[in-house]
Structures are given as structure tokens and as C-alpha cells.
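Structure, as C-alpha cells:
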Amino acid sequence: MVGRTPVRPNDHGTHVSGTTAGAGIINVKNHGMASKATVINQYFSDVITNAPTYVKDNNMVITNNSYYSSEDNCPGEGAYDVLSNYIDLQANNYKELLHVVAAGNDGNLTCNSFPKSFGTIKSGWQTAKNILTVGAMNAQNYTIANFSSRGPVTDGRIKPEITANGWGVLSTKANNTYGVNYGTSMACPAVSGSLALFNERYRQLHGGANPTGALMKALVCNTAEDIGNAGPDYTFGFGMLNARRAVEALEGNHYFINTVSNGGNNTQIISVPANTKRIKVMLYWADYAGASNAATALVNDLDLSVTEPIANVHRPLILNPSMQNVNDIAKEGTDHLNNIEQVVIENPAA
């Protein structure tokens, strides 16, 4: 499940693995998120390129990737390139597999003409459409970690999609010790380990069958705790991981899995109890791989709308990726960039 990282690999990779699936042998209080998971440890992106073998031989469903493959600093940040294309293509070939990738630690940079921190998502794996990109927050005060890379990516899509604590994370270190570390590398395995538990729960409820990676990503994003700007944003994505809420949505079957033909429509009915404070409806699809360095990576452009009984029609919350507007509040509109769309309705009618 765990990809190793370039910085001090013995220490860093051990720390990442411990957060994902540490057994707590030295100190049970310090066990990882999925303490009984099987870990496959590989060198950098070999965990991705060898994924077909691991899926076949080990029924692998999650990879954690706490590293990057692009240049340091600003050049090439946010580009949808050959690596993005490769991993999106793989996601469509192995639909039960979800790659989870750290967003990068370039949040203290000023790139191009963006405000400081924005437009700093690493290119390659991080910018792919069908993976889950993770930013880092400081769970002590629920703020974004200053080093956490932020969107948008080059074509304006939302990245990261989710955030988790990456500040002062205690986990395993070399020589049978524990220690703290900082980075999106530390936030990423908290999400990966949680997803391992979600897969386990799905198997328990469905006779041992695996869910699709698309379902797992959608549940994580739509149940996230909204922090930062209201709605999705380029800093926190859809918000902070809320593992309990995600598994409750899974157990409550609060999702539909369906298909739609080209030019067609698909309608679902959602029952909303009276006095509901907020409803979030998300549409997500694993999109076909886009062309490397295409102006827009999106291939299939699906559109979500939600109609209340009083006939109010709501569109997804979309962001303005122009350099001077990247920190604006998301507004309702039609999304032609992302393969993930979310409608949020406050105080909806029953």
C-alpha cells in the first residue's frame, strides 16, 4: 500500500508506513490508521508501475504515494503530463484501485503570477484526475499548514481534493522508535489508512467484494468537514477528512452507482428529512486519460444539477482559477473542468 519517498528513505518511508498501518508493537497507543493491513513497500513510483501485479497477487486496493516526480520549486508545477496520463489510464483499467498522493510541500513559494502558495501543486501523479490528492493542515488549530501546496493546477481543476493533519504527526521511525514529522507526506497516509478501513467495511457489507476506487474517493470528498472558504477551495479542497462520516455514508448506502450515455440524462431521487441543515450532493466519475499537456484535461464533461421540490435548481459550486481570483468563494455554475462536482444546499426543503 505504501510508496516510499526520496528524502531520507529509511526514516521517511518508515514514518509514512507507520501512519498508514503501524501495528503499535512498541506502543499500542501509536498504532496506524489500519493497524492490521498488509503493507507492500516499494521504491518511489514503482508501487504504481507494479500495481497490476499487486492487484492480481495481493488484491491491492489502495496505494499511498508520499513523494513527487517533478522538478523542485515552480517550473512545471500543476502540469497534466505523461505521468498524469499514465495513472489515469491505469485507474480506468483497474477500477477497484485508488492511488492516494501527497500534494507537495511548496506552499511557501510564489509561482508565476499567483498569490503566494497558490498554483504550487506538484505536476505528474499529483495532477491526475482519477487519483486523490491530499493537502496538509495543522489539526491543532484547523488551519492549512504553511508548506502545503495549493491549487489550481494548470487547467484550473481543484487540487488538493482533501486535507488531513500533516503537522507534528507522531509515527514510527528507524531503530524501533517513534517521532514527529511534518509534510503532506504525513497527511497522505492518514487518508490512505482510513480508505483501507473503508474498503474493509465495504467488503463486510458486500460478501467480500471490493468497491470501486471512484466510490471511495467520492465518499471521502463529499463527507469532508468544510473548513477554510465555504464550499470547495484551492487550499483545503472539499475539506478535512471525516472518516466517521464517510463510513456512515457507506453503511447507510447514501450513494448511487450508475452510467449515462453520451448526450443522455440520469435522474435520481433523494429523500431529505424536514429540518435538515445542509445537503451535499456529489457527482464523480473516473474520467478517461487526457492528452499530455492538453489545455483541458477533462475528456467526458458530465454536469450535475439538483432540483428542490419548490423547483429551485442548484448547480455545482465552482471556483475561479484566474490568478487574481483563486481565493474567491466558490459560486454556483456549470463546471467544464473537473470530473468531480458538488452541490451544497443550506436548509433544504423536505
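Listing for the model above:
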quantity: Placed amide H near I62: partners under 5 Å, 5+ positions off or other chain; calculated: L98
quantity: Pairs of Cα atoms farther than 18 Å apart, segment 6-86, %; calculated: 54 percent
quantity: Accessible carbon and sulfur surface of the chain relative to its total accessible area, %, 1.4 Å; calculated: 50 percent
quantity: Sequence-distant residues sharing a close amide H with A23 (under 5 Å, placed H); calculated: G32
quantity: Segment 270-324-segment 28-72 distance, computed between alpha-carbon centres (Å); calculated: 30 Å
quantity: Of (1) 136; (2) 188; (3) 241, the label for volume of the Cα convex hull per residue in Å³ derived from the coordinates; calculated: (1)
quantity: D_trans [Stokes-Einstein, Kirkwood Rh over alpha-carbon pairs] for segment 121-270, 20 °C, 1.002 mPa s, µm² s⁻¹; calculated: 129 µm²/s
quantity: Neighbour net charge for V306 - beta-carbon separation under 14 angstrom, K R +1, D E -1; calculated: -3
quantity: Rounded to 5, the percent of DSSP beta bridges in the chain classed as antiparallel; calculated: 55 percent
quantity: Exposure rank, largest accessible area first [D233, D226, D81; 1.4 Å]; calculated: D226, D81, D233
quantity: Relative contact order for segment 230-342, counting Cα pairs under 8 Å that sit 6 or more residues apart, in percent; calculated: 29 percent
quantity: Accessible area in square angstrom per residue, the chain, 1.4 angstrom probe; calculated: 45 Å²
quantity: Cα-based Lys proximity count in the chain, under 23 Å, for pairs eight or more positions apart or on separate chains; calculated: 24
quantity: At least 24 Å along the helix axis (C-alpha) and Kyte average at least -0.5, DSSP helices within the chain; calculated: 184-205
quantity: Cα gyration tensor, segment 84-195 - rounded (a/c under 1.5), prolate or oblate; calculated: oblate
quantity: Separation in nanometres of the label points that stand 7 Å from Cα toward Cβ, at I26 and R315; calculated: 5.4 nm
quantity: Mean Cβ count within 10 Å, highest first, over the residues of peptides 145-155, 287-297; calculated: 145-155, 287-297
quantity: Partnerless cysteines, meaning none of the other Cys C-beta atoms lie under 4.7 Å away, in the chain; calculated: C188, C221
quantity: Ranked by how many other beta carbons lie within 10 Å on average, peptides 193-202, 298-307 from highest; calculated: 193-202, 298-307
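The values are calculated or read from the model by the stated rules, or taken from the named source; none is laboratory data. Predicted, not measured: the structure shown is a model, and the values here were computed from it. Virtual Cβ from ideal backbone geometry, glycine too; neighbours counted across all protein chains shown. For the accessible areas, the whole protein counts, side chains as well, though only heavy atoms, and no ligand, DNA or RNA atoms are used. Shrake-Rupley method; radii C 1.70, N 1.55, O 1.52, S 1.80 Å.
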